[in-house]
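Input: a single structure, listed below in structure tokens.
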Amino acid sequence: MHCGCVLVAFDVLGNREYLYNGWTGRMIPKADLDELWHTIEHLMNNESEKERLRANGQNLIKALFDERGKFEQITEFLNLNGASGDAWGELEHTQGTKHRQSRTITN
């Protein structure tokens, strides 16, 4: 989905995590090869629906897996952004300090 593919998959447990039938792709009843064929044919002939599903899928993946978005969710959860308005910069500063401290050599 991140690369812009439209998902067409059988309705089995693993596919239900990201494929929302009619929103991010098409879910086909398990082992229904006729429905699979008709759905693929329909999408090949319906560019507007294919583009809508493609865009929805890409937006979902970006929302779920974007690094900066995940970082902001984690910092909000941990309440790390109370110290400054820029939690990203705060973590980079903290990590840099820890990195330098771990390399300090004492005689």
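The values are calculated or read from the model by the stated rules, or taken from the named source; none is laboratory data. As the structure is a prediction and not an experimental result, all values here were calculated from the model. All Cβ positions, glycine included, derive from the backbone under ideal geometry; neighbour counts span all protein chains shown.
Quick notes on this structure:
- Residue list for segment 44-75, restricted to those being out of contact with any His (no Cβ under 9 Å at 6 or more places or on another chain), under 15 Å from Y18 (Cβ atoms) and basic (K, R): R54
- Residues in segment 45-72 that are farther than 15 Å from C3 by Cβ, of a type outside the set (G, A, S) and in contact with a helix residue (DSSP H, G or I) (Cβ under 8 Å, 6 or more places away or on another chain): E49, R68, F71, E72.
- Among the conditions (1) part of a helix (DSSP H, G or I); (2) out of contact with any strand residue (DSSP E or B) (no Cβ under 8 Å at 6 or more places or on another chain), W23 misses just one, which is (1).
- R103 vs. criteria at pLDDT below 55 and either touching a strand residue (DSSP E or B) at 6+ places or on another chain (Cβ under 9 Å) or loosely packed, with under 12 Cβ neighbours inside 10 Å (or both): yes
- Residues satisfying the stated conditions in segment 1-15, i.e. at pLDDT below 90 and within 17 Å of I40 (Cβ to Cβ): M1, G4, C5, N15
- Positions within segment 5-37 being surrounded by 11 or more Cβ atoms within 10 Å (Cβ to Cβ), under 15 Å from the mean Cα position of the chain (by Cα) and not hydrophobic (A, V, I, L, M, F, W, C), in sequence order: N15, R16, Y18, Y20, T24, G25
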